[in-house]
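Enquirer: Handing you a structure now.
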Amino acid sequence: MIHDALLVLWDCTQVNEMLPMEPTLYANHGDPEIYSRICAISRSHHKIQNFIAATSFNYRKTHTVLGVKTFGLYGQALSEGITEILQSYKKTLLEVESLIIGNTDYTLSFVYSYVEKFQGLFNTINRIITTIKERRLTGCQILSLSHQHILNGNEVVHNAIVRIFSCINTVFVNQLCTWLLYGELRDPYEEFFIYRSKKDDHSDTLLSSPSTVNTCDKTLVTTLQQTPLDCGYNLNPSMIPHFMPLSLAQEILFIGKTVILFGFDPRKVKRNSCITPNRPLLPLHKLDNDSRRFTIWEEKEAEFHEKLQKLKDLEVFEVCNLRCVVREIKECVTKHLWTVAVEEAQLLHELRLMKDFYLLGRGELFLELLRLTTHMLDKPTTRTSTRDMNHAFQLAARAVFLSNSADIEKFSFELPYVKPNLSANSTLDDDSSTVADGWSTIILKYDFKWPLHLLFAPEVLARYNDMFRLLLRIKKTQHDLHALWKTYKQSRRFAMCQLHNKLMFLMDNLQHYLQADVLETNFSRLMEAVNKTNDFEKLKKAHATFLADILSQSFLTVTSPSENESAGDAADSINNPVFVNIMELLKLCDSFCSMSEFASDKDAEDYYIKGYSDRFNKLVKQLTQLLVSLRERACGAFLARLLMRLDYNRWLSAEAELTRSLTHMLRC
C-alpha cells in the first residue's frame, strides 16, 4: 500500500476519487483516511503539473506559431518559479523512498507525515492558477496576483511565493530596465503596462472656439501640462501592478518617451511639423546608441542599470525603492531636457515671442496689420485668404522695420476656407449659405525649435489662438473707435459724442485690463518661476498654470460653479456669460463705427443713436451685475480689478442704474 501511495505522489498513477476503496486493501484501521489525504495532495500536485506543461517554453513556442494565445513570458516565469518550488517536494519523496527501502515496517502515516506540509502550499498555488484561468490574467496582472499572496502566516508558503514572485519580477524588471534606459519596449506578448498604440488619434485640432471650452482652471492646467509625446506609447491601466501608483507609472512612461525623443536627430524634422496634431516622429534619422547614451545619461548608465537590477531581489523591491530609482533617472532626463530646451533651443526667447505675437505684445505690428487686413477679415474666407493674409503680414512687418528679423519667419497665418453649403434653391445672400468671418477662424501658426513641441503642444497652441483671436478683435474695435475721434471731436451732437466716449472708455479699460492686469502680471510670474527652477517638468507646469490663468481671467473658460449649485446649472453655463456679454459689446461698437454706412440723414442717426444707447445701457447693466455676482468665487480676485477700473468714479454704476455703486459692493 505504501508503494501505491508513493506512485500516486510521484504522479505516476492517475487518482480517481470516485472509485470505492475496499477495507481489505489497508493494513491499519486509519489507513483509508490517510490514503485519501495523500490522494488529495497528489491531485493538487497533478493540477500544478498540468499548468506547468501548458506554460512551458516548448508549448508556448508551438502554440504561438499556430496563432493560439498563450500565457507569455510572465506565465513561463510563473511556471519556472513553481518548478523550482516543487524541487523540495521531489527531494522529500526521494528521502521517503530511501527510508522505506531501508525499513519495511513504516506505514502510510509515516509517508503522510513527510508530505503533509505541502498541502497548504499546493492549495495556494492552485488558487493562483485557478484565478489566472478564470480571470484570464496575463503579464503584469500575474505579477500583481503573486504579490498579493506573499503575506501568508505559513512560513513554507510565504517563502515559496516569495521565490515565485522573484522569478516573475525578473521579467518585469528586465522590461522596465530596457524601457527606462533605452526607450525600447520588448513585449512580444503585450504583457507590460506600457503599450504601443497601433492607430493615432487625430481628433485634436488647432482651431478651437471659446464656446467649446468648458473646463475649469484645475482641469485645464492638468490638460495643458499632461500633453503626451507623439511617439505612440501609452499606459494600459489594466496592466499596471496594484502596488504601483498611477503617478509612478506616468513617470516611467514619460522617461521612456523622453529617451525615445532624444534617440532621433532633430535636424531631420520637417519644417512646420510642430503644428500638425499628433504628427509622428518618423521618418527621422536615429542616432547611434553610444551617442544617445552619453548625451542623456552622462556616463551614469551603468549605475542606473545596477540599481534597477537590484530590484529583482524582493528585499530591495519595495515601492519606495522603485520610486527612488525612477526619480533619479527622471531627474537626469529632465536635467538634460532642460539643457536642450532652455539653453540650446532658447526657451526664454521663445516664450517672449509667444507674448509678442500671440498676446499682441508687438502692438505697432498688429495695428499696421489691422489697417491692411480689416476688410479681409470682415468677410467670409476664400481660397486665397491665407495667401493674402501672409502677404499683408510681411508688409506690416516691413512697415515697422521687422522684415529682416528672423523671428518674423517663425510665424504665419492661416484662414481655413469653408465652402458655403449652397442648395439648389439658395443664393449667396441666404443666411444658410454664409460662413464665419475671418475674425473667428484666423489661426496664427508658430514654427518653433525642437524639442519645444513638448511645451507647445497642439492643445496649447489652440488655447493661444483663442487668446489671440480675442485680443485681436478688441484691438480692432478699439482702433476703430479711436479713428472716429476726429469725426466726432467737433460735432455739436452731444448724444453721439457721449455714446462714443462711453464706448471708448469701456474698450480702453477692457484692453488695459487684459494687457496690464492679466497678461503682464501673469507673464512676469511665469518668468520668475522659470528663472527659479532647472526642472523641465516644473517649467511645463508653470507654463500650463500661466496659460490657464490668462484664459480664465480673460473669460475664455467657464467660471466654475459654486458648491451649492447643481450639476444642471453648470451644464447650462457652457458659454461664459461674461465673455458672451463682452462679445455683444464688441458687436455694438462695430455697428456704431459703421453707422455712417446705413444712416442717411440726421433723423436716421438719432434713431440709431437712441437704439445704441439703450442697448449699451442694457449690456453694461448685465455686465456689472455678472461681475458682482461672480466676485465671491475663485475668480473674484481678478474680477475685482476689472470692476474697479470700470467703476472707479461710480460712473458705470450710475449709467447702469444700479441701486448701489459697485465700489460700495466690493467694500462689503
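Enquirer: For the range 393-424, enumerate the residues that are at pLDDT 75 or above, farther than 15 Å from Glu368 by Cα and of a type in the set (Lys, Arg).
Expert: Lys410
Enquirer: Based on this model, can you work out whether Leu377 counts as more than 12 Å from Trp439 (Cβ to Cβ) and aliphatic (A, V, I, L, M)?
Expert: no
Enquirer: Could you run through the range 100-120 and say how many residues are open to solvent by 40 Å² or more (accessible area, probe 1.4 Å), over 59 Å from the mean Cα position of the chain (by Cα) and within 13 Å of Ser36 (Cα to Cα)?
Expert: Final tally of qualifying residues: 1.
Enquirer: Within the range 129-146, is there a residue that is β-branched (Val, Ile, Thr), under 21 Å from Glu33 (Cα atoms) and not in a helix (DSSP H, G or I)?
Expert: No, that holds for no residue.
Enquirer: Applying the selection to the range 374-400, what residues are out of contact with any strand residue (DSSP E or B) (no Cβ under 9 Å at 6 or more places or on another chain) and under 21 Å from His479 (Cα atoms)?
Expert: Thr374, His375, Met376, Gln394, Leu395, Ala396, Ala397, Arg398, Ala399, Val400, listed by residue number.
Enquirer: Ok, one more. Of all residues in the range 152-181, which are within 27 Å of Val333 (Cα to Cα) and open to solvent by 40 Å² or more (accessible area, probe 1.4 Å)?
Expert: Thr170, Asn174, listed by residue number.
Enquirer: Determine which member of the set Ile574, Ile550, Ile609, Ile582 is crowded, with 19+ Cβ neighbours inside 10 Å and modelled with pLDDT under 85.
Expert: Being crowded, with 19+ Cβ neighbours inside 10 Å and modelled with pLDDT under 85 holds for just one of Ile574, Ile550, Ile609, Ile582, which is Ile609.
Enquirer: Scan the range 84-113 and report the pairs whose first residue is assigned to a helix (DSSP H, G or I) and whose second residue is exposed (fewer than 11 other Cβ atoms within 10 Å of the Cβ) and modelled with pLDDT under 85, with Cβ atoms within less than 9 Å and a gap of 6+ or a chain change.
Expert: Ile100/His3; Leu108/Ala27
Enquirer: Can you find a residue in the range 523-543 that is open to solvent by 60 Å² or more (accessible area, probe 1.4 Å), at pLDDT 90 or above and among the hydroxyl-bearing types (Ser, Thr, Tyr)?
Expert: Within the range 523-543 (the criterion being open to solvent by 60 Å² or more (accessible area, probe 1.4 Å), at pLDDT 90 or above and among the hydroxyl-bearing types (Ser, Thr, Tyr)), the answer is yes, since at least one residue qualifies.
Enquirer: Restricting to the range 311-350, count the residues that are assigned to a loop (DSSP other than H, G, I, E, B) and either open to solvent by 60 Å² or more (accessible area, probe 1.4 Å) or of a type in the set (A, V, I, L, M, F, W, C) (or both).
Expert: Matching residues across the range 311-350 total 9.
Enquirer: Next up: Among Ser596, Ser591, which is modelled with pLDDT of 85 or more and either in a helix (DSSP H, G or I) or in contact with a strand residue (DSSP E or B) (Cβ under 7 Å, 6 or more places away or on another chain) (or both)?
Expert: Matching residue, one of Ser596, Ser591: Ser591.
The values are calculated or read from the model by the stated rules, or taken from the named source; none is laboratory data. Here the structure is a predicted model, which is why all the values come from computation and not from measurement. Quick reminder, even Gly has a Cβ in these numbers, built from the backbone with ideal geometry, and neighbours come from all protein chains shown. Just the protein is used for accessible areas: all its heavy atoms, side chains included, with ligands, DNA and RNA removed. Shrake-Rupley method; radii C 1.70, N 1.55, O 1.52, S 1.80 Å.
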